[in-house]
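S.K.: Can you keep this structure in mind? I'll have questions shortly.
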Amino acid sequence: MTLDAVADVLSALCLLGGAFLAFAAGVGLVRFPDLLARMHTAAKPQVLGLILLMTGLGLRLRDGHVVWMLVLVVLFQMLTSPVAAHMVARAGYRTGKVRKELLVVDELTRDMEAAEREKERDRD
């Protein structure tokens, strides 16, 4: 078995795994009941699926310029996806879209109440 054949098999496995994770993320967005669960599926399996897809594509193409472009795509996604998920979660929490009875730990309410007390104290 040659090195090219091994790279092609690994590429196919990465592409299939990435496609499965991207599909699972899409199904989770439709099927999960609340905002935080949907946000989780939009961030975690989608990013891992993209990493696997880009790895499979890099193994298949084996061109230095293309591989560096794929690395940049993965880095950009890894930098922006957590920030976007965090902002969606905070916006959903502040607008009342989060089901608070499902939360195990709710530090944001405590922090928001402390900030409100601080603001009231500064007014007086």
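Every read-out reported here was derived from the displayed coordinates using simple, explicitly stated rules and does not represent laboratory data. Small disclaimer: the values here were computed from a predicted structure and weren't measured. Using ideal geometry, Cβ is built from the backbone for each residue, glycine included, and neighbour counts are taken over all protein chains shown.
S.K.: Pairs only if they're at least six apart or on different chains, beta carbon under 7 angstrom, first in segment 53-75 and in contact (Cβ under 8 Å) with a residue 12 or more places away in the chain and within 19 Å of F23 (Cα to Cα), second of a type in the set (G, A, S) and surrounded by 15 or more Cβ atoms within 10 Å (Cβ to Cβ); list them, first residue then second.
M.R.: These pairs meet every condition: L53/G18; G56/S11; G56/G18.
S.K.: For the structure I just gave you, tell me whether V27 is surrounded by 11 or more Cβ atoms within 10 Å (Cβ to Cβ) and in contact with a Ser or Thr (Cβ under 9 Å, 6 or more places away or on another chain).
M.R.: Numbers: surrounded by 11 or more Cβ atoms within 10 Å (Cβ to Cβ): yes; in contact with a Ser or Thr (Cβ under 9 Å, 6 or more places away or on another chain): yes.
Yes, satisfied.
S.K.: Quick one: how many residues across segment 9-23 are small (G, A, S) and either within 12 Å of the chain's Cα centre (by Cα) or surrounded by fewer than 17 Cβ atoms within 10 Å (Cβ to Cβ) (or both)?
M.R.: 3
S.K.: Are any residues in segment 75-98 part of a loop (DSSP other than H, G, I, E, B) and surrounded by 13 or more Cβ atoms within 10 Å (Cβ to Cβ), and if so, which ones?
M.R.: K97, V98
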